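Reviewing the structure listed below.
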Amino acid sequence: MTKLNYEAAHTVTGCGEETVVPAGNLLGKYFPMIRTREDIRERIGENVELKSLFERWSETDQEMFLDYCSGIRGIKVLYDGIFKEIFNPEATPERLEELLSLLLDRDVHIKAVLPNDSVRLGAESALLYTDIIVELEDESLADIEIQKIGYAFPGERCACYSADHLLRQYKRVRGKKGKRFHYRDIKNVYTIVFFEKSPQEFHKQPEQWLHIFRQSSDSGLILNLLQEYVFVPLDIFVKSMDNKSIDSRLEAWLTFLSTEEPERIIELITRYPQFKTMYQDIYEICLNIEKVMNMYSKELAQLDHNTVLYMIDEMQEQLDRQRKELCENEVKLNEIEGKLGQTEGKLSQTEGKLSQAKGELSQAKGELSQAKGELSQAKGELSQAKGELSQ
């Protein structure tokens, strides 16, 4: 995070009156409606409920909240309440349309916002900042997800949710058209996922912050299989932008979604003035202290819950990995035991042969001893015969 200087101050004019802005509050120069930390603290202290809520937060969370609302750092656009206000498809569709057009590399116009009746499990939906489903002008669907923490098996899970949306579209269109239904009436389903903290799979390619998946054949045959995916690991994008200027509209949008650095925000609104309007909308929301405090409190509670879920997910993955290793070791042990059994059989067979050989050797020794006796007797008889012959 950029170090800020609080030593000096400057004055800006807005709404017919002058406001003194601390030097550390760089954004105050561009958004005069931003309140100072002292003013925010005073307003919180005037309301018993807000004061009680504020005091329940940790000191770190209190300071973070004051930094966000006073412009010391940029507020998180990814917060559910902020994102839905800024990207409301019914109020300001052009914002989401431009972002989707850049990601999908096609001209996008939003026709309607659809209710989200996904089969997503409750625990998994808690890992999301937001999940918006819109129908585009050509009747294709776009599911826009922002995930706080990327969960395990991102590809498999997104494929399941995409299939769910595809089936919902099939049922809706078939129910509407009846006997006139044809499969060409089913349009593409786009799943666009932004990760604030991306899963480990994405860090195997630390330079890539945009991944587009389309199904294709190894034979060159072209079929429209309807499902496409766009993954944007924002944490990798932020690292890739270190010491680099914003050079494209897509980089501008992703910077808007991911940065909290005032210097970067100033660069963004200077080069692309349309984002200044969006930040003005955000700081207008921040003027409603009660609303923004409740939103922040909800995000803190959700973050704690998400951390627990993420740890459980990681522990489950580790447990599965250990179980797999245990099974592999058990197979190896069984193989070793089998080989040991074979060796023991061969050893037992060898011992039998050795015992038989010992018996045969003992018998041979007996026969040899008997032969020696007979030879000795023959020698005696020969000696006696020699004596008689000599006489």
(request) Kindly indicate whether S258 is touching a helix residue (DSSP H, G or I) at 6+ places or on another chain (Cβ under 8 Å), more than 17 Å from L103 (Cβ to Cβ) and small (G, A, S). (result) no
(request) Considering (1) open to solvent by less than 40 Å² (accessible area, probe 1.4 Å); (2) under 29 Å from L136 (Cβ atoms); (3) within 28 Å of the chain's Cα centre (by Cα), say which one F213 fails and leave the rest. (result) (1)
(request) Note down all Cβ pairs under 9 Å where the first residue falls in the range 263-274 and is under 9 Å from A252 (Cα atoms) and free of Cβ contacts under 8 Å to residues at least 24 places away in the same chain, the second is open to solvent by 60 Å² or more (accessible area, probe 1.4 Å) and assigned to a helix (DSSP H, G or I), and they're at least six residues apart or on different chains. (result) L268/K276
(request) Could you check, for the range 70-86, whether at least one of its residues is of a type in the set (V, I, T) and free of Cβ contacts under 8 Å to residues at least 40 places away in the same chain? (result) no
(message) Name the single residue that is nearest to K298 (Cα to Cα) among those in the range 63-81 being in a helix (DSSP H, G or I), open to solvent by less than 30 Å² (accessible area, probe 1.4 Å) and modelled with pLDDT of 90 or more.
(response) F65
(message) Tell me whether the range 156-176 contains one or more residues that are among the polar types (S, T, N, Q), more than 29 Å from M241 (Cβ to Cβ), open to solvent by less than 30 Å² (accessible area, probe 1.4 Å) and modelled with pLDDT of 95 or more.
(response) no
(request) For N188, work out the one condition from (1) at pLDDT 95 or above; (2) more than 24 Å from C160 (Cβ to Cβ); (3) open to solvent by less than 50 Å² (accessible area, probe 1.4 Å) it doesn't fulfil. (result) (2)
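The values are calculated or read from the model by the stated rules, or taken from the named source; none is laboratory data. Computed from a prediction, not measured in an experiment: that's the story for all the values here. When we count neighbours, we look across all protein chains shown, and the Cβ atoms used for this are built from the backbone with ideal geometry, even at glycine. Note: accessible area is taken over every heavy atom of the protein model, side chains too, but ligands, DNA and RNA are not part of it. Shrake-Rupley method; radii C 1.70, N 1.55, O 1.52, S 1.80 Å.
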